[in-house]
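Notes to accompany the following structure.
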Amino acid sequence: MDLNLFQNLNIYQLPSPYLEILAGLIGLCVGSFLNVLSLRTLKDESIWRKRSYCDQCMKPLGVMELIPVLSYFMQKGTCKHCQAKIHWQYPLVEAATALTFAAIVHFLGPTYWTAAANFSDLEITATILAMLFFASTLIAVCITDFREKLIPHEITYPAIILGIIYSTVIRHDLLGTLAGIGASYLIFDFIDHFGVQFYYWTHPGFKERNEPESEVGIDDEIDFTMEVGYLRADEADEPFMVMGGGDAVLSALIAAWLGWQKLIPALIIGFLVGAIMGGLYLLVELRKERMLAPALKRFILGFLSFAGVMALAMLGLDHSFPQSGLWSNPATYLLIFSLGFGGGTIGIMTAPGPKMVKHFPFGPALAVGAIFAIFLITTTGDSFMKAGPY
């Protein structure tokens, strides 16, 4: 391959906003593909050997039925053949992918990189293409985790390998990338282990009550780290996990593409988003099970406690550094609100009465944090790519 030809590739020849529009159109098509990739991965089907088809009647879809977003509204959200409802996931994923592609192409443009980051068009273009692929992987993982609470290794492992190659060849930071991958597994294993121990501590006897009868007394050293209990007898086989193994792999995926430096803000934002999503998820599930009343007081108490402590901390920082303008920054209020939700979630977990132990899909929260970290690349570009080899 002629390197000079690739170096002459400049995706910025189109002026804004035409470049973003082009990226959005490509994103629509990629989003349509991600729907197929994710769902067929869950079904263990090939994405190449069979045309797109209706999930209900299995009829192959025509060209007009494959137009991203538009076909959904033209068909009024129903299948042309059997009139079954089309899941709202399809247009949502396509639109979200389009917006993500347009934003990445726009905010990773040369004018957004810091002056100290003197990188070539080749490096910037390669980084944008890499981040588009990385974001696509994150969106695919969100689909599978929301649908089946599963993060397939068939998607994450190949993406991790490609991320390591990108970080080695373009970012010149192989050691930092491997360090981030290793730290990911340690962090999530730590959270998983001590999170379950905290649950046992706040709910004495819960482990014994939910221990499968066939395993009672067989082996005192059985590891129940990843399995706390079950919601109801008729919902067996749905184990509760504080942190699933797929979440650790997803964190490793983030480190493979962004390095350990960007892994830190990605995890911080991911946990804040997860606190909000987890709190809402638990409240909805508790309401469905008619268990909301005894837990709501604990949620409010936990929310006010954590939010109050964070607000006091911000007041102290603002008093010590008045020039920082903390209270004029929307991120301050988001941080207080997010930590409040985290406290509310802990409050629900410690509430007396029947216990909710359904697994919450944490992958999408991590994906949001990773996409946020992508946009930090240009503000600290000199730390994202190293000057020398590795």
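Any read-out appearing in this document is the output of simple, stated calculations on the displayed coordinates, not a laboratory observation. Keep in mind that this is a model prediction, so the values were computed, not measured. Cβ atoms come from the backbone with ideal geometry, glycine included; neighbour counts cover every protein chain shown.
For the reader, a short list of remarks on this structure follows.
- Cα gyration tensor shape of the range 246-297, rounded if a/c is under 1.5, else prolate or oblate by comparing a/b with b/c: prolate
- The length gained on full extension between L22 and A179, counted as 0.36 nm times the residue separation minus their Cα-Cα distance, comes to 52.9 nm.
- The alpha carbon gyration tensor of the range 137-193 gives principal lengths a ≥ b ≥ c with a/c of 1.5 or higher and a/b no greater than b/c, which makes the shape oblate.
- Remark: C-alpha extents of the range 14-93 on the principal axes read 45, 29, 19 Å, sorted largest to smallest.
- The residues neighbouring A370, those whose beta-carbon lies less than 15 Å from its own, together hold a net charge of -1 under the Lys/Arg +1, Asp/Glu -1 convention.
- Extending 7 Å from Cα along the Cβ direction at L99 and again at S46 yields two label points whose distance is 3.7 nm.
- Among the chymotrypsin sites (Phe, Trp or Tyr not before Pro) within the range 119-184, not one is in coil by DSSP while having at most 14 neighbouring Cβ atoms inside 10 Å.
- Cross-link table K76/K288; K43/K149; K43/K76, entries beyond 24 Å C-alpha to C-alpha: K76/K288; K43/K76
- Looking at the range 14-65, the GluC sites (Glu not before Pro) that sit in a DSSP loop and have at most 12 other Cβ atoms within 10 Å of their own Cβ are E45.
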